[in-house]
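A.B. asks: One structure follows; several queries about it will come next.
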Amino acid sequence: MGLIVRPHDLLLLAVGGSWEAALSGWARASLAGCPWAVVRRAPCPPGLIPVGVRGPSRSQRHAALVPTAAVIRRVPPEALRSRPRLPHLAATLSAVARLLDGVALWGPTGGVGFELATGRPATHAASDLDVLVRAPYRWDRTMATRLAEAFAALPARVDCLLETPRGGVNLVEWSRAGGSVMARTARGPQLVTDPWDAA
């Protein structure tokens, strides 16, 4: 069986391959200094993985396809349980752990996840905590509302994504939705009525 990756997984890459020719100059330089990329949602041919490469600034994000053979290590969000270097993010992550441990598989993504996986600073005083929750089974809106309210009281803003069979759904949006909700899918955003209906 080949390498299995999911959106938001972080990948340590073997750089120096021909696939890097399609990258921008800054993206090649970024990978040379920190050879990590994040799996993104996008269709791609067999043997290739859609990834995003982070640059020094928030506006620098480069979409790329890397061969599975270039992957040295995969780190899923739920494997990242170290303490962030910034106190407000560390306190928030600890509080999220108290709320979610034993309830769902979850982990930090975004800047905090990148920082914990790579050891490279990627957060600042105004950074949010992005959290991915594996939600293969239905979350009722009452539970989602309680969790969203608990997150709203934490030191850092928490942006929580429920990973459902239809794609990624924002926790707050799902808790408030009376009808359709936006799901992030490999083919772009889609309005869905039931994120757990895989049809």
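The values are calculated or read from the model by the stated rules, or taken from the named source; none is laboratory data. Nothing here was measured: the structure is a model prediction, and the numbers come from that model. Here the Cβ positions follow ideal geometry from the backbone for every residue, glycine too, while neighbour counts run over all protein chains shown. Remember, those area values only see protein heavy atoms, side chains included, never the ligands or the DNA or RNA. Shrake-Rupley method; radii C 1.70, N 1.55, O 1.52, S 1.80 Å.
A.B. asks: Once Lys and Arg get +1 and Asp and Glu get -1 on their Cβ, which of LEU147, TRP174, PRO108 lies farthest toward the positive end of the dipole of the stretch 80-199?
C.D. replies: So the residue we want is PRO108.
A.B. asks: What's the ranking of 113-122, 11-20 by average number of surrounding C-beta atoms within 10 Å, highest first? Intermediate values should be presented prior to the final figure.
C.D. replies: Numbers: 113-122: 19.2, 11-20: 15.4.
Highest-to-lowest ranking by the protection proxy: 113-122, 11-20.
A.B. asks: For the chain, what is the relative contact order in percent, using Cα pairs closer than 8 Å and at least 6 residues apart in sequence? Intermediate values should be presented prior to the final figure.
C.D. replies: Working: 357 pairs, mean separation 32.0, N = 199.
Taking the mean separation of contacting Cα pairs over the length of the chain, I get 16 percent.
A.B. asks: Also: Could you tell me whether the stretch 121-174 comes out rounded, prolate or oblate from its Cα gyration tensor? Rule is a ≥ b ≥ c as square roots of the eigenvalues, rounded for a/c under 1.5, then prolate if a/b exceeds b/c, otherwise oblate.
C.D. replies: Details: a/c = 3.26, a/b = 1.54, b/c = 2.12.
Oblate is the answer for the stretch 121-174, as a/c is 1.5 or above yet b/c matches or exceeds a/b.
A.B. asks: Per DSSP H run of n ≥ 4, the term is -39500 (n - 2.57); total these for the chain, divide by its residue number, and report the mean residue ellipticity at 222 nm rounded to 500 deg cm²/dmol.
C.D. replies: On the way: 5 runs with 50 residues, N = 199.
Rounded to the nearest 500, it is -7500 deg cm²/dmol.
A.B. asks: Rounded to the nearest 10 Å², what accessible area does ARG146 have for a 1.4 Å probe in the complete protein model?
C.D. replies: About 150 Å², rounded to the nearest 10.
A.B. asks: Counting alpha carbon pairs within less than 8 Å and at least 6 residues apart, what relative contact order, in whole percent, applies to the stretch 1-64?
C.D. replies: So the answer I get is 32 percent.
A.B. asks: Rounded to the nearest 5, what % of DSSP beta bridges with both residues in the chain are antiparallel?
C.D. replies: On the way: 31 of 37 bridges.
Rounded to the nearest five, the antiparallel share is 85 percent.
A.B. asks: Counting only protein heavy atoms, what percent of the accessible surface of the stretch 9-156 is carbon or sulfur at a 1.4 Å probe? It would help to have the intermediate numbers written out before the result.
C.D. replies: Values: 4050 of 7160 Å².
Ligands and nucleic acids excluded, carbon and sulfur give 57 percent.
A.B. asks: Could you tell me how far the Cα centroid of the stretch 100-117 sits from the Cα centroid of the stretch 13-64, in Å?
C.D. replies: So the separation of the two Cα centres works out to 21 Å.
A.B. asks: Right, here's the next one. Would you work out the charge dipole size for the stretch 25-148 about its Cα centre, treating the Cβ of every Lys and Arg as +1 and the Cβ of every Asp and Glu as -1, and quote it to the nearest 20 debye?
C.D. replies: Details: 17 positive and 6 negative charges, 23 e Å.
For the stretch 25-148, the charge dipole is close to 100 debye.
A.B. asks: Taking all protein chains together and a probe of 1.4 Å, list ASP9, ASP197 from the most accessible to the least accessible.
C.D. replies: Details: ASP9 0, ASP197 70 Å².
Solvent-accessible surface, decreasing: ASP197, ASP9.
A.B. asks: A further question follows. For HIS124, HIS8, give the ranking by accessible area with the largest first, probe 1.4 Å. Walk me through the numbers before you get to the answer.
C.D. replies: Working: HIS124 100, HIS8 45 Å².
Descending accessible area places them as HIS124, HIS8.
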